[in-house]
Amino acid sequence: MAVTTATSQLSYSLAYFWYQLRRSPMMLLGLVLIALMCLAALLAPLLTGHDPNAIDLGSRLLPPSAMHFFGTDEVGRDLFSRVLYGARQSIGVGIFVAFVASAIGSVIGCFSGIIGRTVDTIIMRAMDIVLSVPSLVLTMALAAALGPSLFNAMIAITIVRIPYYVRLARGQTLSIREMAYVQAARTFGAGRRHIVRWHVLRNALPPVIVQMTLDIGNAILMAAALGFIGLGAQQPTAEWGAMIASGRNFLLDQWWYSTFPGVAILITAIGFNLVGDGVRDMLDPKQKVK
């Protein structure tokens with residue numbers, strides 16, 4: 001019986017997902033863009049025969065050709081291979097930031113909303129302090145304090161994004177905790193941890209998932225910005241923002257150097273944003289199939 005119920009629920013979920021995809025061609029386009037970028041990143045060794053870090057000074061700053069699809073950089077490295085391998089770094093940063101920030105922020109926000117009173121006030125005032133500083137400025141300050149590296153850039157972006165999930169999860173918790181099933185759980189002696197885990201977190205997930213999908217694209221852009229100013233990935237790591245920073249000195253004559261990494265960032269960010277908009281519509285109760 002349990003297996004049959006789970007199978008029917010999965011079938012309904014897949015059918016509803018396909019229905020939403022047919023209604024939202026832009027979400028389908030976003031999924032296609034993301035799938036293409038992820039496949040390119042995973043299959044990078046098969047798609048290119050060049051080492052992304054191999055230096056060939058005799059082939060420096062060559063234009064796009066059959067040998068080097070995206071041209072070469074100032075030390076002769078193949079830009080096509082560096083863009084593909086850079087997708088691993090940039091997309092990995094976006095996914096890491098979205099999942100870690102949402103996990104930490106959602107738990108803090110849910111407990112803050114359930115506990116309330118002094119603890120809630122202290123947590124929310126701390127979040128307000130973080131949110132009062134522009135995100136990019138605070139991210140640059142944290143990345144500079146931690147030291148220039150891709151990992152430290154990820155940590156800095158994650159710290160800055162956590163307050164958004166705290167506020168989102170707390171707002172959902174304040175409405176959910178007044179529901180009849182939560183009150184019933186309290187009546188039967190359920191503790192705060194049980195209520196947060198089994199009742200609040202699960203019902204607060206839809207807006208958090210939407211924010212996650214939108215944040216992946218934002219995190220990729222922020223990581224690229226940090227790499228551009230030298231606070232993110234360092235040479236010879238293939239990362240899109242760092243590649244654009246290196247290529248800006250050659251932009252007028254060697255346009256391909258900065259253009260192709262920039263286009264990769266644009267396509268990936270657009271893809272995740274389109275999927276985020278589609279997921280928001282899919283999880284909107286007003287859009288549900290009757």
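Placing unit charges on each Cβ (+1 for Lys and Arg, -1 for Asp and Glu) gives the range 52-104 a dipole about its Cα centre, and among F99, S59, F69 the Cα reaching farthest toward its positive end belongs to F99.
Net length available on complete extension from D128 to R23 is 34.0 nm, with 0.36 nm assigned per residue and the Cα-Cα distance removed. Extension gain for L39-Q183 works out to 47.1 nm (0.36 nm per residue, less the C-alpha to C-alpha distance). In whole Å, how far is the Cα centre of the range 84-113 from that of the range 33-73? So the two Cα centres are separated by 28 Å.
Peptides 133-146, 202-215 ordered by packing proxy, namely the average of other Cβ atoms within 10 Å per residue, highest first: 202-215, 133-146.
Using the Cβ-Cβ distance between S135 and I104 with R0 set to 22 Å, the FRET efficiency from 1/(1 + (r/R0)^6) comes to roughly 0.85. Peptide packing for 45-57, 241-253 was compared via the average number of neighbouring C-beta atoms within 10 Å per residue; ordered from the highest value, the list is 241-253, 45-57.
Starting from the Cα of A144, step 7 Å along the direction of its Cβ; do the same at I270; then give the gap between the two resulting points in nm. Distance between the two pseudo-spin positions: 3.4 nm. On full extension, the segment bounded by R192 and T118 gains 25.0 nm, given 0.36 nm per residue less the C-alpha separation.
The phi-based Karplus calculation (6.51 cos²θ - 1.76 cosθ + 1.60; θ = phi - 60°) puts the 3J(HN,Hα) values of the range 175-186 at 7, 6, 5, 8, 5, 4, 5, 6, 4, 5, 4, 5 Hz, whole numbers, x for Gly and Pro.
For T72, the amide hydrogen comes within under 5 Å of the amide hydrogens of L61, L62, L79, counting only partners 5 or more places away or on other chains and with H modelled in the peptide plane.
The protection proxy used here, the mean number of other Cβ atoms lying within 10 Å of each residue, ranks peptides 80-90, 121-131 as follows, highest first: 80-90, 121-131.
To put it simply, the accessible area of the range 183-290 at a 1.4 Å probe is 61 percent carbon and sulfur.
Considering only I115, I104, I195, the Gaussian network model of the chain with Cα springs below 10 Å gives its largest mean-square fluctuation to I115. Remark: the chain projects, on average over all directions, an area of 19.3 nm² (convex hull of Cα atoms).
For the chain, the relative contact order is 25 percent, taking Cα pairs closer than 8 Å that sit 6 or more residues apart in sequence and dividing their mean separation by the residue count.
Taking the helices alone, the chain has a mean residue ellipticity at 222 nm of -24500 deg cm²/dmol, built from -39,500 (n - 2.57) per DSSP H run of at least 4 residues and averaged over all its residues. Taking the square roots of five times each eigenvalue of the Cα gyration tensor of the range 113-158, the equivalent ellipsoid has semi-axes of 28, 11, 7 Å, listed largest first.
The values are calculated or read from the model by the stated rules, or taken from the named source; none is laboratory data. The structure displayed is predicted, hence computed values, not measured ones. Methodologically, a virtual Cβ is constructed for each residue, glycine included, from the backbone with ideal geometry; neighbour enumeration extends over all protein chains shown. Side chains included, ligands, DNA and RNA excluded: accessible areas come from the protein's heavy atoms. Shrake-Rupley method; radii C 1.70, N 1.55, O 1.52, S 1.80 Å.
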